[in-house]
Every structure is written in structure tokens, then in C-alpha cells.
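Structure first, then comments.
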Amino acid sequence: MAGAPENARPAPPQRERHGGIETILSGIRVPDLPYPAGRLRDSDVRDWRPLLASCWSEQRDERVTHVLHSVDLEWSVRQVNAAYVADRIMDVFLKTSGLHPELVRRVARLRFYLAWRMEQDGDEAFGTELIEWLDGLREWRGWSNSGGRSSRVLLEQLDGLVLAVSAAFEGEGKALGSFCLAWQDDSGKRRQQIERLCERLLETERGAASQRRADRRARALIGRALQGRRLPEPLVRFILGPWQRLLKQAAVTTAGGDQDALRRAGKLLEWLVWVGDPQLSEVDRNRLYHVGEQLGDRMLEVWHQVFDQPLAHDQLNEVETILVARLRGDALALVDAFGPPEPFHWEPAWLAPAQPDPAALAAAEGRWFVSGEGAREERRFFFAYLADCAEILWTNGAGVKLGVEPWQTFEDGQAQGRIRPLPPLTPFRQVLSDTTQILLGVCDRQQRQRQRAAEQARARAEALRRERQAEEERRRREEDARQAELERQRREAEAQRLADARAEQERLERERRLAVERQVAAIKLGGWIALQDEGMPEPRRLKLAVRINASRKLVFVDRMGLNRRECLEADLVHWVLSGQARVLDSSAEFDDTLTRVVGRIRMGRNGDV
């Protein structure tokens, strides 16, 4: 077999007994699966091995039950249930394994082999070697389909699985077990090699991190000192050349615990800038003389402290020439310290580097992280934290460097959801056990349901008869309720019509009262009314003699000024409305209005009648 070593242990395939699978295959029923219409005889059961072997050879990613649906053949209950259980196990493994989607997708194609073996062997369908191999895939939890060499190695090994399972379909029972054993042997050798690679990688990267830290610290010191300054060009060249190398080497020594050289070199850098910038040193000439006399010697001391070889004379002479010119007060040509041709990059954070929270670092170091989704998913292992440069060393889990990333960038990525911890992995053995227990529970419930089915069938006829009687009674009640509702609606409509009529009548009464009130209020002194007293055949004509506005009282007299009659305006309004009195000297417009109002009132009353 391809990929198997010559010294692979020859052994018969070992089988693990998973109790309950036989019960599931014979007892469970799942909706929408192609079960036979009746019980098939053993001679009528079709051999599905060629169909499943063909699907495996073609490396299909579809479910076994879908394949059974797609062919117009009749399958036994045991075959259909074996297909369903294989699909269920592999679907759960796809979702919960935690492996890369491409890797688990290829492994999940074993569903065709597992369905065939379960239909054949029941509880003993799963070989020990296969389960251990599937559980051993956890070592590849960091694998990503990047297209690189390490990515292709695993895919090539999985090609050997295709050959092994195909051989098992053809009757070579030991083929798959031998493949799994050979894989485990290779895994042991690979782990030893990975340990050696990781040791070398860590040593190399820690040295590189120390160099990066020294360079960034030196650039930060220079950037802080030269930012916004104008200095003589030779001095700028000296600081960005020899003195930057000095600062970098001193920073490397600082990583070992010796802070003196870097402290002194940084202080001398500040004095160099102070002396070379007239804006800083011109205001204190005495201090300029004092610093200028000692600066050259101090620079040589620090240089000898850091380097074994002496500082080049021509480089030191340029600095001393500038010092002498500044002491004499000569005018020097100044340039921008960070001028063209190339910009100077530095980060102020390296002046006082911040360290991550120890708890957060401990929680992240040694864990797998993932970015992207689906086929674009990329996994990386937090191999080590490089404290010298505050960076994370990412690997593929096999000793191959994927890159370095600043700790702060990593924290920002987590906060924004661009990178997240890889969820815990679920071993195949646990998936198999959990799925079996769940399906056994379904089987048990279905068995109890079938036991209750007969009782329910007998009770259903009686219930149906009662339902029919209840339905007839319900219809009768609904009809009575409908008739009652129609009667209620008719009464409500009649009541609404009467209410509308009363409202209209009241509105007209209000309009008539308002018209009479205006007519009474418009009677002037000397105005006449006709008042019908009880017992009198003809109404008396009375004239308004007095109007008392404060009390709204009216005083009427007859033609002779006698037979005085007093009343309130409200009383006169009442008399006019009731027809007991009539205003005689109103305008023609009011008479017409009053006639129309009275006419509408009479029409309204006739309509009610």
C-alpha cells in the first residue's frame, strides 16, 4: 500500500464493540428516508458495496442517504439506517471536530465506508486502528490549506487513505488498519523532528528579537533627540551613522542587564544635539565651553566601553571640528536633521516599552488561533512571546515560522474579531459515543410510540365518533350564535338610527333655541310681543317698557301702559319656544329663519312618527 512502511506491524484488524448500533439499525425510523414499502426477503436485498465504493473512489461530498435517494432501487431497512447513522456521525464530526474545514471534509467522506461496515458488522463496525487514527488527527488542528509544502504533505498522505479504503472495499480487510498504523508511526517520528525544529526556531528568533529591539530602541532615542532640529550636516551624518551603531550595540548589551552603556550613550547624544543646535546652546556660552571641552573624551570612553575597536579618526575629527567652530562662535551651515533623501522612521513607544498583562499573556501563549472563515480560514500557533521586541512568534505547530506580530496588534485583532481562539477539539470517539447515545434515546422513544400506537388506533375511532358529535354540536351552537349575532346587529343598527335621529332633533332644537335667544336679545324698548295667557281666547299684545341688563329682567305693559308683566329673558325664550309667546317686531330675515327652523322640527317629528 502506498505510504505504508515495509516494517508496518502485520495484525488483523481489531474491532471495538459499540453497543447500541445494532439496536439503532433495526429499530430507528427517520422521516423522508427511502425505506422499503414492506419487509424484504434476504434474497431481495441488493448489494450496495459497488455503489458505495464508486462514491468513495470519486471522493463525493454528498450524504449516503442522498445517494440512496438518487437511484431508483429498493433498499433494506438496515441499509437505510446504516446510511443515516454514518451520515449523522460524520455530520456531527464536521461541525464539532475543530479541524480545518478542508481536512475534515475529506475525512468525512469515510461515511461511505462506515455505512457499508455498519450494515455488515453492526456493533463491531468500527476498527480500533481507525478510531485511534481519527482521534490522532488532533495533531493537525493547526493545518491550513495554504498551498505550501507542509500543506501539501498532509493532502498527499490523505491520498493514501483513498487507496486503503478502496482496497478494503475490494476485500483486503487489513488495508485500512495497516494505513492507520503506518500513519501513527510517522506521527511519532514527526513529533521528534518538530521538537528539534522548535528548539532551533526559538533560539534563532530570540536572537533576532534582541537585534530588532536594539535597533528600535536606538532609533527611538535618535528620533526623540533630532526631531525638529537643524544641525550641521557632518554632525547629522555622525549621529545617524557611527553613533546609531553605538546605541544599537549598547541596547543589545542592555538586554543582558547592563544599563550603563546605553544610558551614557543616550545622554551624550542629547549633548551632541545641544552643542550643534545654536538655538539651544547659544544662550549659555559658559556651559557650551564646559560641555565642549569634555564631550570628545566622554564619547571615546563610551565607544571603548561598547566596542573593541576604536572610533575612526576621520569621523571623530568632523565632530571635533564642529565643536571648535561652535566654541569660537563661527556660523555653521544647518540642515534639517530628518531631511531628504530618506525619511527616518522611529516609534516613541520604544523609549519606554510597555509589557503585556501577565494574565492575558499566559492565557494566549501556547494556544491555537484562527482568522477567516470557511475555505479562507487560516490557523496559527502562539509559539512564544518575544519579550525583547514585544512580539508574538507564530508557527504552524510543526516548527515552521509563519511570522511575528506585535502584541498590541494581536490584542486589537482580538477586540475587532479578526482573530479568535480555536475552539476546543472534539475527538471522534466522543462524537461516536454521543451520537450513539442520542440515537438510542430516539430509538427508545420510537419503540414506546409504537407500543402506544395500537392503543391510540383503538381510541382513535371512538375519538373520531365523539369528534363528529362534537362537531355537529359545535355547528349548531355556531349557527345559534350567528343568528343571535345578526339579531344583535339589527338591534344595534336600529338603536343607532334612533340615536342619530335624536341627535339631529337635539341639534335642531339647539339651533332654534339659539335663534330665539338672539331674537329676544334683539327686542328694543317699545318692541311688541304677543303672549297667550291661560284662559284667554286671544293673545295679549305687550310692549317692552324696561330692560334690566344686570338681572336679565324684562318688563312689559299693554297699550295703555297698564297690566304690567315681568319676566326673565330665559322665561320669554321658553314661552317663544313653546308657542306661548311671539315676538311681533322682529326683522323679516329672522322670521324666515324661524320659519325654516320650525319647518325642519315638524318634518323631523313627522319622520319619527
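In segment 78-106, of all residues being modelled with pLDDT under 90 and hydrophobic (A, V, I, L, M, F, W, C), the one that is surrounded by the fewest Cβ atoms within 10 Å (Cβ to Cβ) corresponds to Leu94. Here Ile523 meets each of (1) without any contact (Cβ under 8 Å) to a residue 12 or more places away in the chain; (2) surrounded by 12 or more Cβ atoms within 10 Å (Cβ to Cβ); (3) part of a loop (DSSP other than H, G, I, E, B) with one exception, condition (1).
Listed here are the residues, each with its yes/no results for (1) touching a Leu at 6+ places or on another chain (Cβ under 7 Å); (2) in a loop (DSSP other than H, G, I, E, B); (3) at positive phi; (4) touching a residue at least 12 places away in the same chain (Cβ under 8 Å).
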{"residue": "Gln305", "(1), (2), (3), (4)": "no, no, no, yes"}
{"residue": "Leu311", "(1), (2), (3), (4)": "yes, yes, no, yes"}
{"residue": "Leu316", "(1), (2), (3), (4)": "no, no, no, yes"}
{"residue": "Ala331", "(1), (2), (3), (4)": "no, yes, no, no"}
{"residue": "Ala363", "(1), (2), (3), (4)": "no, no, no, no"}
{"residue": "Arg379", "(1), (2), (3), (4)": "yes, no, no, yes"}
{"residue": "Gly399", "(1), (2), (3), (4)": "yes, yes, yes, yes"}
{"residue": "Val404", "(1), (2), (3), (4)": "yes, no, no, yes"}
{"residue": "Gly413", "(1), (2), (3), (4)": "no, no, no, yes"}
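Once segment 422-438 is narrowed to residues that are open to solvent by less than 40 Å² (accessible area, probe 1.4 Å) and out of contact with any Ser or Thr (no Cβ under 9 Å at 6 or more places or on another chain), the residue that is nearest to Arg141 (Cα to Cα) is Leu422. Taking (1) out of contact with any His (no Cβ under 7 Å at 6 or more places or on another chain); (2) open to solvent by less than 30 Å² (accessible area, probe 1.4 Å); (3) in a loop (DSSP other than H, G, I, E, B) in turn, Trp143 satisfies each apart from (1). Looking at segment 550-567, which of the residues that are modelled with pLDDT of 85 or more and in a loop (DSSP other than H, G, I, E, B) is nearest to Leu584 (Cα to Cα)? Filtering segment 550-567 for residues that are modelled with pLDDT of 85 or more and in a loop (DSSP other than H, G, I, E, B), the one nearest to Leu584 (Cα to Cα) comes out as Arg552. Consider segment 323-349 and keep the residues that are more than 24 Å from Ala220 (Cβ to Cβ) and of a type in the set (A, V, I, L, M). The one that is modelled with the lowest pLDDT is Ala331.
Pairs meeting the criteria (first residue in segment 424-437 and within 11 Å of Ile21 (Cβ to Cβ), second residue of a type outside the set (Val, Ile, Thr), beta carbons under 7 Å, at least 6 apart or on different chains) are Leu432/His18; Leu432/Phe126; Thr435/Arg88; Thr436/His18; Thr436/Gly20.
Annotation note: of Ala220, Ala175, the sole residue that is touching a Pro at 6+ places or on another chain (Cβ under 7 Å) and open to solvent by less than 50 Å² (accessible area, probe 1.4 Å) is Ala220.
The values are calculated or read from the model by the stated rules, or taken from the named source; none is laboratory data. Remember, it's a predicted structure, so these values are computed and weren't measured experimentally. For neighbour counting, all protein chains shown are included, and Cβ atoms are generated from backbone atoms with ideal geometry for every residue, glycine included. These accessible areas exclude ligands, DNA and RNA; they are computed on the full protein's heavy atoms, side chains included. Shrake-Rupley method; radii C 1.70, N 1.55, O 1.52, S 1.80 Å.
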